Amino acid sequence: MKLKSKTLIATSLTALPLFLFLLYFLGYPKETIEDTFSGQKEIEFQIPKPKGKSSLVFSILKTGEAKTLEAFVIEGGSVFKIVTVAHSGFYIQHPKGNFLFDTGLGTKINEQFQVFPLYLKILMEYQLVQTAKEQLETNGVKLDSIQDVFFSHLHWDHASGLKDFPFAKIHTLPSELNNPKIELGYISSQFDGSSVHWSHLQFQNKPYASYAKSFDWFGDGTAVFVPMKGHSEGSVGLFLNTENGQTYFLTGDIVWRREGFSNKRHKPRGARWIVDYDKVALGEEISRVHELLKLNPELQVIPAHDHDVQSPLGFYPLVIGKNK
């Protein structure tokens, strides 16, 4: 009996710290996100209308997916609920030219992925569906028609297909290349070498909604890029004003689930340790988008990995934003 009691005590002393660490890793206690923008004037959060009638539409290119617990993708998520994580790019079509925003998983993803240490391979396991290049070519899109590819950031699951589009200019903020380490989620082979045609983004001092700077790609207010803080050094978001009058906001990896914005919740703490650059700035960005949603209830926010948001909209070749 004494031996059993000692064993039980030893087991409890070992298990309790592990359990407490797991709770902390998943985000308990929850990180408080301040109401950074709640005192600003409502007019500062109004999303401008495009100049004239929009002819822009877009599609979601689902290139891969993964199944995981909700607790691993949003702070406070359930350990009993399985969710699908999408690895998506976006194909934007406009009379002045078509472009991509992120590429998702590319043709060399299996080879690229091997550089990760074992713990990242386990945490970032994926299932390839079909690359953006293959989806577009199958539907009659010639690669040389894609002259521009923009990136929300250059983490492995967004930039994997960068070199699949050799005719395109590659648009990112220069700061995305400041510290592209493997342990931070970058795979340098995806974007290194002289074959990449860089054309770094330069934001203008033109406010757009609550963003002090922006870049209007077509000059008509249909596709407007904004800097987004926190996830990486050079994260970028994209507002799309479509043909049917809807406004969409592609937010990259600021959050992985839309509820992160609507309920002001970070990723789990353990995930932030690995993938997020600046927790304070990230909290400010989540607060900003939360306020945008509150004051623009018709705004449709699409995080890059939220399958539950993307699936109801439909995947390529389905076109989103077209007049019926």
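The values are calculated or read from the model by the stated rules, or taken from the named source; none is laboratory data. Quick caveat, the model's predicted, so the values are computed rather than measured. Every residue, glycine as well, gets a Cβ built from its backbone with ideal geometry; the counts of neighbours run over all protein chains shown.
Scanning the stretch 222-257 for residues that are assigned to a loop (DSSP other than H, G, I, E, B), surrounded by fewer than 22 Cβ atoms within 10 Å (Cβ to Cβ) and over 13 Å from the mean Cα position of the chain (by Cα) yields Glu233, Glu243, Asn244, Gly245, Gln246.
Cβ separations smaller than 7 Å between residues 6+ apart or across chains give the following pairs from the stretch 196-216 residues that are without any contact (Cβ under 8 Å) to a residue 40 or more places away in the chain and under 26 Å from Phe167 (Cβ atoms) to residues that are of a type in the set (Ser, Thr, Tyr) and surrounded by 15 or more Cβ atoms within 10 Å (Cβ to Cβ): His200/Thr172; Phe203/Ser214.
Reported count of residues in the stretch 34-57, each being surrounded by 15 or more Cβ atoms within 10 Å (Cβ to Cβ) and not in a loop (DSSP other than H, G, I, E, B), is 2. So, in the stretch 120-136, exactly how many residues are at pLDDT 95 or above, out of contact with any strand residue (DSSP E or B) (no Cβ under 9 Å at 6 or more places or on another chain) and loosely packed, with under 13 Cβ neighbours inside 10 Å? The total comes to 0.
Apart from one condition, Ile122 fits all of (1) under 24 Å from His94 (Cα atoms); (2) not in a loop (DSSP other than H, G, I, E, B); the exception is (1). Can you say whether Phe261 is more than 16 Å from Asp102 (Cα to Cα) and crowded, with 20+ Cβ neighbours inside 10 Å, as far as the supplied structure shows? Yes; evaluated as a whole, the condition is true for this residue. Can you work out which of the residues in the stretch 185-221 that are within 26 Å of Ile286 (Cβ to Cβ) and of a type in the set (S, T, N, Q) is farthest from the chain's Cα centre (by Cα)? Applying the filter and picking the extreme gives Asn205.
On inspection, His153 does not qualify as outside any loop (DSSP other than H, G, I, E, B) and either modelled with pLDDT under 95 or within 17 Å of the chain's Cα centre (by Cα) (or both). Report yes if some residue within the stretch 275-288 is among the small types (Gly, Ala, Ser), in a strand (DSSP E or B) and buried (at least 18 other Cβ atoms within 10 Å of the Cβ); otherwise report no. No; the residues of the stretch 275-288 include none that is among the small types (Gly, Ala, Ser), in a strand (DSSP E or B) and buried (at least 18 other Cβ atoms within 10 Å of the Cβ). You will find that of Glu243, Glu233, Glu259, Glu298, the residue that is touching a Phe, Trp or Tyr at 6+ places or on another chain (Cβ under 7 Å) and of a type outside the set (Gly, Ala, Ser) is Glu233 and no other.
In the stretch 300-316, is there at least one residue being charged (D, E, K, R) and assigned to a loop (DSSP other than H, G, I, E, B)? No, the stretch 300-316 contains no residue that is charged (D, E, K, R) and assigned to a loop (DSSP other than H, G, I, E, B).
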